[in-house]
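Bear in mind these aren't lab numbers, they're just calculated from the coordinates by the rules spelled out. Values in this document were obtained by computation on a predicted structure and should not be read as measured data. Note that each Cβ is placed from the backbone with ideal geometry, even for glycine, and that neighbours are counted across all protein chains shown.
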Amino acid sequence: MTWVLAIGLALVAFAVIAFAFRLPKATWATVGAALAFGLVGYALQGKPELPGAPKEASVATAGTGETLVELRHVVVPEQFRSTSGRMITADALARRDRPADAATILRGAIRENPKDSEAWLALGNALVEDADGQMTAAARFAYLKSEQLSPESPGVPFFLGIAQANAGQLMDVRALWGEAARRAPEGSEAGKEIDDHIARLETVMRQILKQQGLEPPPAK
């Protein structure tokens, strides 16, 4: 019922915005897309099963540095994890929502070991977080380096998917998370976490399609 209520409120919001404020039809698609992105953010970041849990309104799928750190610890398999002691300090700073300071520490870890793929991944996350969820050239470079060093790790496609969702570019999110799921070790916590994100994304997108009178694709 929570999903029905959320989608119903989104439709009411669309009607109020579009008709009460007499917006031109040319802007309706933009308004609808913004509300859809909000629903996706709710699906991926919120916990619909918990009543009354306050959440910051955001399209982001991982709204805080602490969330990003916890997800990285789950998603990155043991063989791809960093051995640098600087990661502890960087993670502590990221948890306190100080991504710029975390990035400084991570650059130090990378100078010590340029082949530290998790440090590159964490740097990409910190740079995106510091840019309010936007993918910068420096963040893209950090993700690319991590991917080159550990092409079988699910980390990069998973966090790229989060960054794409934050930017409202949802078309690529499912494909990126599908690739992350393919790379995750069978039966691992990483695989379960990624599958959970995919399931929530597909649930809300299917609900949106149904509300628009469209036939949703069959669940995979």
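Entry note: segment 65-191 has Rg to Rh equal to 0.93, where both radii use alpha-carbon atoms and Rh is the Kirkwood radius. Would you list which aspartates and glutamates come within 12 Å of Lys145, measuring only between C-alpha atoms, while excluding same-chain residues fewer than 8 positions from it? Excluding near neighbours in sequence, the set is Asp116, Glu118. Protection proxy ranking, highest mean first, for peptides 187-194, 128-135: 128-135, 187-194, where packing is the per-residue count of other beta-carbon atoms within 10 Å, averaged. For the pair Ala100 and Glu112 in one chain, pulling the backbone fully straight at 0.36 nm per residue adds 2.4 nm over the alpha carbon distance. Lys and Arg at +1, Asp and Glu at -1: add these up for the other residues within a Cβ distance under 14 Å of Arg111 and post the number. So the environment of Arg111 carries a net charge of +2.
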